[in-house]
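Below is one structure, written out as structure tokens, with a few remarks after it.
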Amino acid sequence: MFYRENGQFKTSYRADQQIFPVRQDRIAVLVLLALAFIAVPLLASEYLLRAVGIPFLILSLAALGLNLLVGYCGQVSLGSGGFMAVGAYTAYNVFVRLPGVPLVVALLLGGLGATAVGLLFGLPSLRIKGLYLAVATLAAQFFIDWAFLRIPWFTHGSSSGSVNVSGLTVLGLPIETPVQKYLFCLALVAVFALAARNLVRGHIGRAWMAMRDMDVAAAVIGIRPVHAKLSAFAVSSFFVGVAGALWGFVHLGSWEPAAFNIDRSFQLLFMVIIGGLGSVAGSFFGAAFIVVLPIVLDQAPAWLGLPMSTALSSHLTLMVFGALIVFFLIVEPHGLARLWSTAREKLRLWPFPH
Amino acid sequence: MGFLLETLLGGLMAGMLYSLIALGFVLIFKASGVFNFAQGAMVLFAALAMARFAQWLPLWLGIESRMLANTLAFVLALGVMVAVAWAVERLVLRHLVNQEPITLLMATLGIAYFLDGAGQTVFGSDIYKIDLGLPKDPLLLWPRVFEGGVLVTPEDLIAAAVAAVLVALLALFFQKTATGRSLRAVADDPQAAQSIGIGLSGIWVIVWSIAGGVALVTGVIWGSKLGVQFSLSLVALKALPVVILGGLTSVPGAIVGGLIVGVGEKLSEIYLGPHIGGGIEIWFAYVLALAVLLVRPQGLFGEKIIDRV
């Protein structure tokens, strides 16, 4: 009844090609942005912003980047944690070695560093496919972990790769309190989400999707696999690298390579799969699910009034987490984004079934 | 020369264990197309079950003989692994038929988390010992041929023999029995196999049970050497490059790949490590596998991948 597009005629090419062709969608996105920018910082407690809001935003950005590669271009990567690390440490090096570089520039340069490494490790994808490629990308993960742990130049000589940054400012404004951090991340994530949304509906995105659906056929109709696959690796690594830099600079403040280990890669892949492959909104759903679930599971015994040792509760958390993942994959293998689009289809027809 | 041989032997021993884990991967992948990330968790789970049953059984039943207790514990642990296989088929695989390989892969990661948590909840999370009563004193081989001789522990030799026997038994099973033949039929072409009356779900239970059994043997060998603890579950990450190096669909590939990686790791750590910083065995196997894949994208022994439009 409220979500219906009849009466909205498209009379120009511009109107036909805009990102959100349905008016209700445009309004919903604006309302959502207003809520995120204004209501959340006013209402949420500092703990909530620090423990949920900021990690959610940064990991959404990383999941979005990974989704471009896995969901749109069909190249499974298990090395995204490593690319986050490259982003974080590149940005750190820029920040420390070139004093006076603005924070945003350092973050973006971190993204570019990750792009370079991503391109390098994307090269094998031209020859290796499917699960072989998935395992091969683990080479990136382990090699990068090792490099930041063992090669002192990358970490500015600090032992075991642990580094820290402080005194972050953007345009003269400090980034210190959770609210400031949250707003900074939100602004960046919003820009990147818009960019992603635009990329995937354009020429590049269509080339990626053709590559995903069947690479031989795509090559036959004139899409160059080298361009399509490497651009996917480059863009995806850029997103993931910026997310890694944000994770280090804004969320953690001080970090070591273990913050970006293989568990992070798996976590990101979970977000992409549970959220929905090939969906920008799905990356956010998946990130929200994976960020919130462990926190809820940690608190659950206390809420239920069950006394439990920490070891036991951490093992139970692991069990429930695993079981829930399997459960979600069984119930909706196409991810939460599919549930969302089904709901939207239902809403379009409501209250009449046909 | 003696030192080099010792290194080689040590590498082969480690490689043999990688081969066993890789074997579990390959068996499951061939039969069900599932890339089973949970193999490492299954090794941990099986080893925990074995270690704890061997501890509990003498208390429950008052068995004196360690041999008997170990045997019973092994049988019980095997039963547990069959139950796990059945539950995995019934609760997970059956509902995910015809899904994307990546979805199945993530589901096995979920299973891995679950098994890690369940194993430590049920069996405890300390470091346990599996005491098989094997002799541990090192043997000195060929002291006359090489200067200083070559040191090996009989434990390692027995472990190698057990692994070899296991592989031989599996080969016999696959070649000579009706069940083995239907397993191979499913591996070749699931649809054709179904059309001649082979039930997929039964096959999956069997193949996951076999993988569970292989995991148990791996866990027992590894656990009796280094103790049963959580890090056992991370060994699977070491076996992944073995699988792609040898080829996802090849049992001989898993074995040869494991030995190559085991030896390569040890040699690189000794001869390459000092030049570029230690700890390179973390990524050496992966980079080796990557290099091999660039030449042969299907691994050393894998079936050639043919793209059709």
Elements of type helices (runs of 4 or more DSSP H) in the stretch A:183-300, at least 2 residues being crowded, with 19+ Cβ neighbours inside 10 Å and at pLDDT 90 or above: A:203-213, A:225-246, A:262-275
Residue in the stretch A:318-329 that is nearest to B:V92 (Cα to Cα), counting only those that are within 7 Å of another protein chain (Cβ to nearest Cβ) and among the β-branched types (V, I, T): A:V326
Set A:R150, A:R97: member being more than 27 Å from A:Q75 (Cβ to Cβ) and without any contact (Cβ under 8 Å) to a residue 24 or more places away in the chain: A:R150
Failed condition for A:S12, given (1) modelled with pLDDT of 85 or more; (2) over 20 Å from A:C185 (Cα atoms); (3) touching an Asp or Glu at 6+ places or on another chain (Cβ under 9 Å): (3)
Residue match in the stretch A:306-320 (condition: among the small types (G, A, S), modelled with pLDDT under 85 and touching a Pro at 6+ places or on another chain (Cβ under 9 Å)): yes
Any hit, the stretch A:56-66, residues being within 14 Å of another protein chain (Cβ to nearest Cβ), out of contact with any strand residue (DSSP E or B) (no Cβ under 8 Å at 6 or more places or on another chain) and in a helix (DSSP H, G or I): yes
Top-ranked residue of the stretch B:235-258 - restricted to ones that are surrounded by fewer than 24 Cβ atoms within 10 Å (Cβ to Cβ) and hydrophobic (A, V, I, L, M, F, W, C), ranked as farthest from B:L20 (Cα to Cα): B:L237
Selected residue [of a type in the set (G, A, S), modelled with pLDDT of 85 or more and out of contact with any strand residue (DSSP E or B) (no Cβ under 7 Å at 6 or more places or on another chain)] from B:G124, B:G117: B:G117
Index of the failed condition, A:S309 passing every other in (1) within 12 Å of chain B (Cβ to nearest Cβ); (2) surrounded by 19 or more Cβ atoms within 10 Å (Cβ to Cβ): (2)
Residue check, B:G212 assigned to a helix (DSSP H, G or I), in contact with a strand residue (DSSP E or B) (Cβ under 8 Å, 6 or more places away or on another chain) and closer than 18 Å to B:S19 by Cβ: no
The stretch B:218-239, residues that are under 20 Å from B:N36 (Cα atoms) and more than 15 Å from the chain's Cα centre (by Cα): B:F230
Residues of the stretch A:330-346 satisfying the condition of being within 8 Å of chain B (Cβ to nearest Cβ) and over 20 Å from A:V291 (Cα atoms): A:I330
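The values are calculated or read from the model by the stated rules, or taken from the named source; none is laboratory data. Everything numeric in this text was worked out from a predicted model, so none of it was measured. We place every Cβ from the backbone using ideal geometry, glycine too, and count neighbours over all the protein chains shown.
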